[in-house]
């Protein structure tokens, strides 16, 4: 009977370790079919989405989200995400973009200081690049046509 109890306990340990939920800390990210950046996207997740951790593989988490499963890089998740809410004074709260950038060390003061040190730079180009998106299917075609591998 002791042996049976030990086996059951050992089987439950991965559930305890990996049954946790983590939140997306980037504006948007891809859950991929395999644990590499060139793999096809199974589902897109957004800031503060909760993902169930199934296991780890190197720098990747194997996760479940919205009935789908796949891999996401560890840098896109954290155990807690900042909650966005209006302040008691009713002033506007930070956007998810602002919170994501602040988590990476960026804020309006840092950006302004950098602009002052580098007046020759055209930051409108940064906004233009940030607004440019490429469909996952096109990225997959590019990888395949170029013979790229991880």
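Bear in mind that the values in this text are calculations on the coordinates, not laboratory data. Note that the structure is a prediction, hence the values are computed from the model and not measured. With ideal geometry, Cβ positions are generated from the backbone for all residues, glycine too; neighbour counts draw on all protein chains shown.
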Assertion target for 63, 129, ordered by fewest C-beta neighbours within 10 angstrom first, is 129, 63
So the FRET efficiency between residue 144 and residue 123, C-beta based with R0 = 25 Å and rounded to 0.05, is 0.10
